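The values are calculated or read from the model by the stated rules, or taken from the named source; none is laboratory data. The model shown is predicted, which means the values in this text are computed figures rather than measured ones. In this analysis, Cβ positions are derived from the backbone assuming ideal geometry, glycine residues included, and neighbour counts consider all displayed protein chains. Side chains included, ligands, DNA and RNA excluded: accessible areas come from the protein's heavy atoms. Shrake-Rupley method; radii C 1.70, N 1.55, O 1.52, S 1.80 Å.
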Number of protein chains: 2
Amino acid sequence: MLKFDEINSKSLQEYRAGLLNRYEDFKSRNLKYDMSRGNPCKEQLDLSMGMLDITDYESCDGRDCRSYGVLDGIPEAKQLFAELIEADLDEVIVGGNSALNMIYDTIARAMCFGVSDSEIPWGKLPKVKFLCPCPGYDRHFAICELFGIEMIVVDMKSDGPDIDAIEKLVSEDEAIKAIICVPKYSNPDGITYSDDVVDRLARMKTKANDFRILWDNAYAVHHLFGEGDRLKNIMKSCKDAGNEDRVFVYMSTSKISFPGAGVAIMAASKTNVSKIKKQLAVQMIGPDKMNQLRHVRFFKNVGNIEAHMRKHAEIIEPKFSAALDILSAELGGKEIAWWNKPKGGYFISLNTLDGCAKEVVAMVAEAGVLMTPAGATFPYGKDPRDRNIRIAPSLPSVDELKNAIEIFCVCIQIASINKLLLMK
Amino acid sequence: MLKFDEINSKSLQEYRAGLLNRYEDFKSRNLKYDMSRGNPCKEQLDLSMGMLDITDYESCDGRDCRSYGVLDGIPEAKQLFAELIEADLDEVIVGGNSALNMIYDTIARAMCFGVSDSEIPWGKLPKVKFLCPCPGYDRHFAICELFGIEMIVVDMKSDGPDIDAIEKLVSEDEAIKAIICVPKYSNPDGITYSDDVVDRLARMKTKANDFRILWDNAYAVHHLFGEGDRLKNIMKSCKDAGNEDRVFVYMSTSKISFPGAGVAIMAASKTNVSKIKKQLAVQMIGPDKMNQLRHVRFFKNVGNIEAHMRKHAEIIEPKFSAALDILSAELGGKEIAWWNKPKGGYFISLNTLDGCAKEVVAMVAEAGVLMTPAGATFPYGKDPRDRNIRIAPSLPSVDELKNAIEIFCVCIQIASINKLLLMK
């Protein structure tokens, strides 16, 4: 098909009339699909039901996991998840059901008490700023916004966030205390940071001597279409650069076992972990150890987790493929939308022509398809070019998804023609 | 037996020689008992194993509890626990496995963002003070200490904390932002606040217009030796007094089902809950709903929870009775120790002669019995009269407990004689 901006107005109008007919047809079918978030589907949740068959709850050191205690995780859970997160045993904390909550708690503690190198708590400073690679994860931005942290947008490139810009910013501004990011199969772009970006983040000079990297490795083993990317171990890079206290790493089994009842893990230097555990001991008595034991007994080792992730991939790859095929068939060559083919994670990121994203998401919503709000992938929900849309294909069935993506493509074309006609 | 202080020095010395023999004999047996915390024993944990037999995880509104979502609890959990905590459905939040963590979070949020009536976050104020009825719960004090909150000791009386003193303090000092307490079967004294104390806490005039009552109702249904006490519903009292936003109520099933894997509940006014939920939505996606469903399917209604608690009582009452019998037999009439017979909760609180508690706890530790550290029941771990010791009889077997309490009584007598001889 021709590029849309090379087609004359009359032809565009005629083409739009056909699209509007398709749109009205979809609307009349009263569809109701949810593509708003990275939700695993029922078949994926069923993969982990075997872990519920456990009948005794004694940990390897003879502890009754039903009772109180064990702040940082039972030994076998620390063993398994330390290997998964690529850290030493005394560098990990195995917690409850939410890595997001661990990230929130890290930031809350930094605001109230500072981190190990802070002279004063971040909350007592006149201004705290975080670097936010964008497009990014809306829940990260929401935490920053709640705590009044100013978010500085850093553009994403094909190998990670713009590291030249980052190096310059952190070297000049003492108020920049952290970068918060998803370094592997980034949300939503599916980009894995290159070794060079990881190393430069680890070794860059920062004006704030208590600068921190909040490394939300949410999709560490969540490959699609093959072996997947390898992310350099940032804890090792930080150690090599003499900045071992700089990074906090987070993972969870939310998209490995159960999103509502998984296990979250964080890793950091011994100094950081020791400080965190002192504060954590005041906050709680211990995480749900019964659930930790369920996970360890079921998965046993990292190899089994990887094999389990291939089963997840087999379920969701056809959905990603179907979505990508329809995007290509409907939008290919028209120069009105650009998207990635992810090698892992849960999303396809799509850019429309500038100024069209909000209109598209509103139109598909009217046809019964719930997508992530336009703008959500930027701080304060404001995409400066109003063009980025996050597609989460995992939850609907393949047939539902095909319908949903078709509606989506119809809406993108209508909105694009509306825009192009205005400009002509 | 005579009162110790009416016995002459020589006789006391002779008596002490016999006690020291008993003590050495205990030491030679290399015992190892834990009476340090309110830990349920194995037989108690076994009572709830039936809840693990659940095989489907669909909530009453058709939601898959294995996946993300539902910030404030699944509907059937809200229904059950709202009734238990005596609040309306829109006044409760059903959370994860720890009420302590909910209390910590409440205080952390107040420090970072203030509460619904705050003009500025508490953490931005030059000074924040909490009232702490004492003896009290060490983990409450630890949270205050971590946040730099100044703790003001309020004496416990037989019907609750000294309410005259409280009314005076809060009417004069704007920096006093809260009282934190266990109002039923108080930790460690086992005292239930009277209706009058509840009502006066609810209606008292406070200089701080964002004053809060942190009402840790940890032992609401944890009766011993009969029907138990009734605690007046403070949310109703606060409403009646026009102060409905004043109170946060906390409960958990830690000592109903599993201490490490229970369900925590909080209740507050609609205004408070609405504000909390906005902040909570940034902190987390949702609690472990699978575990909430296990609890609801197993208990079904409050009547069954009460019946279940009678089974707990049948297991631990013989331990409390054995402890109380030995205390009476060994210490009765000697005027060197005073203790309560609790009608519920998990503790016996004992006062020695002034200045003896630390010595006693150290001596029993040397004989292999771990008790709560002396001083733990006061802020900063400092009991001004060094006399209060918390006994937690639930974990050891009856036979172990008998040994442990006997050692304890021997040590109290030795320490008391040491003190009395010094004073003669």
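Scanning the range B:292-343 for residues that are touching a Cys at 6+ places or on another chain (Cβ under 6 Å) and within 14 Å of chain A (Cβ to nearest Cβ) yields a count of 1. Select from the range B:187-231 the residues that are in a loop (DSSP other than H, G, I, E, B), more than 20 Å from residue B:99 (Cβ to Cβ) and among the charged types (D, E, K, R) and list them in ascending order. Residues satisfying the conditions are B:205, B:207, B:210, B:227, B:230.
Listed conditions (1) open to solvent by 20 Å² or more (accessible area, probe 1.4 Å); (2) in contact (Cβ under 8 Å) with a residue 24 or more places away in the chain are all met by residue B:396, apart from (1).
With respect to the stated conditions, residue A:101 fails to be of a type outside the set (Asp, Glu), under 30 Å from residue A:232 (Cα atoms), touching a residue at least 40 places away in the same chain (Cβ under 8 Å) and part of a loop (DSSP other than H, G, I, E, B). When A:304, A:272 are checked against the criterion of being modelled with pLDDT of 95 or more and closer than 19 Å to residue A:218 by Cα, A:304 stands alone in meeting it. Residues in the range B:383-390: is at least one within 30 Å of residue B:180 (Cα to Cα) and aliphatic (A, V, I, L, M)? Scanning the range B:383-390 turns up at least one residue that is within 30 Å of residue B:180 (Cα to Cα) and aliphatic (A, V, I, L, M).
With respect to the conditions (1) within 14 Å of another protein chain (Cβ to nearest Cβ); (2) buried (at least 18 other Cβ atoms within 10 Å of the Cβ); (3) touching a helix residue (DSSP H, G or I) at 6+ places or on another chain (Cβ under 7 Å), residue B:289 lacks only one, and its number is (3).
As a summary of the residue check, residue A:31 satisfies the conditions (1) among the aliphatic types (A, V, I, L, M); (2) in a loop (DSSP other than H, G, I, E, B); (3) within 30 Å of residue A:286 (Cα to Cα) except for the one numbered (3).
Scanning the range B:28-39 turns up no residue that is more than 30 Å from residue B:319 (Cβ to Cβ) and either within 11 Å of chain A (Cβ to nearest Cβ) or in contact with a Lys or Arg (Cβ under 6 Å, 6 or more places away or on another chain) (or both). Taking residues in the range A:303-321 that are in contact (Cβ under 8 Å) with a residue 12 or more places away in the chain and basic (Lys, Arg), and partners anywhere that are open to solvent by 40 Å² or more (accessible area, probe 1.4 Å) and assigned to a helix (DSSP H, G or I), the pairs with Cβ atoms closer than 9 Å and at least 6 places apart or on different chains are A:319/A:398. Has the range B:401-423 got at least one residue that is open to solvent by 40 Å² or more (accessible area, probe 1.4 Å), closer than 19 Å to residue B:38 by Cα and out of contact with any helix residue (DSSP H, G or I) (no Cβ under 8 Å at 6 or more places or on another chain)? So far as the range B:401-423 goes, no, none of its residues is open to solvent by 40 Å² or more (accessible area, probe 1.4 Å), closer than 19 Å to residue B:38 by Cα and out of contact with any helix residue (DSSP H, G or I) (no Cβ under 8 Å at 6 or more places or on another chain). Annotation note: of A:230, A:212, the sole residue that is surrounded by fewer than 21 Cβ atoms within 10 Å (Cβ to Cβ) and modelled with pLDDT of 95 or more is A:230.
Residues of the range A:324-332 include at least one that is within 18 Å of residue A:223 (Cα to Cα) and of a type outside the set (D, E, K, R). Test residue B:394 against the stated conditions and say whether it is within 18 Å of the chain's Cα centre (by Cα) and at pLDDT 95 or above. Judged against the criteria, residue B:394 is a match.
The residues in the range B:243-279 that are at the interface with chain A (Cβ under 10 Å from one of its Cβ atoms) and either among the aromatic types (Phe, Trp, Tyr) or in a helix (DSSP H, G or I) (or both) can be counted, and the count is 3. Cβ separations smaller than 7 Å between residues 6+ apart or across chains give the following pairs from the range A:224-238 residues that are touching a residue at least 60 places away in the same chain (Cβ under 8 Å) to residues that are open to solvent by 20 Å² or more (accessible area, probe 1.4 Å) and assigned to a helix (DSSP H, G or I): A:224/A:317; A:225/A:317. Among the residues of this structure, residue A:15 counts as one that is of a type outside the set (Lys, Arg), away from chain B (no Cβ under 14 Å) and either surrounded by fewer than 19 Cβ atoms within 10 Å (Cβ to Cβ) or assigned to a loop (DSSP other than H, G, I, E, B) (or both). Here residue A:422 meets the list (1) farther than 27 Å from residue A:227 by Cα; (2) at pLDDT 95 or above almost entirely, failing just condition (2). Taken as a whole, the condition of being on the phi > 0 side of the Ramachandran plot and touching a Ser or Thr at 6+ places or on another chain (Cβ under 8 Å) does not apply to residue B:355. The residue of the range B:33-52 that is modelled with the lowest pLDDT, among those that are surrounded by fewer than 19 Cβ atoms within 10 Å (Cβ to Cβ) and of a type in the set (D, E, K, R), is B:34. Taking the criterion of being over 16 Å from residue A:44 (Cα atoms) and in contact with an Asp or Glu (Cβ under 6 Å, 6 or more places away or on another chain), the residues of the range A:282-320 that qualify are A:296, A:302.
Per-residue answers, yes or no, for (1) under 23 Å from residue A:265 (Cβ atoms); (2) under 27 Å from the mean Cα position of the chain (by Cα):
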| site | (1), (2) |
| --- | --- |
| A:10 | no, no |
| A:34 | no, yes |
| A:51 | yes, yes |
| A:91 | yes, yes |
| A:102 | yes, yes |
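State whether one or more residues within the range A:240-256 are over 20 Å from the mean Cα position of the chain (by Cα), modelled with pLDDT of 95 or more, among the small types (Gly, Ala, Ser) and open to solvent by 30 Å² or more (accessible area, probe 1.4 Å). Yes, the range A:240-256 has at least one match. Scanning the range B:369-378 for residues that are touching a helix residue (DSSP H, G or I) at 6+ places or on another chain (Cβ under 6 Å), surrounded by 23 or more Cβ atoms within 10 Å (Cβ to Cβ) and over 23 Å from residue B:19 (Cα atoms) yields a total of 1. Checking each residue in the range A:53-71 for being buried (at least 18 other Cβ atoms within 10 Å of the Cβ) and facing chain B (nearest Cβ under 10 Å) picks out A:57, A:64, A:65, A:66, A:67, A:68, A:70. Working only within the range B:72-98, note down all residues that are outside any helix (DSSP H, G or I), crowded, with 23+ Cβ neighbours inside 10 Å and within 14 Å of chain A (Cβ to nearest Cβ). Hits for the range B:72-98 are B:73, B:74, B:94, B:95, B:96, B:97, B:98.
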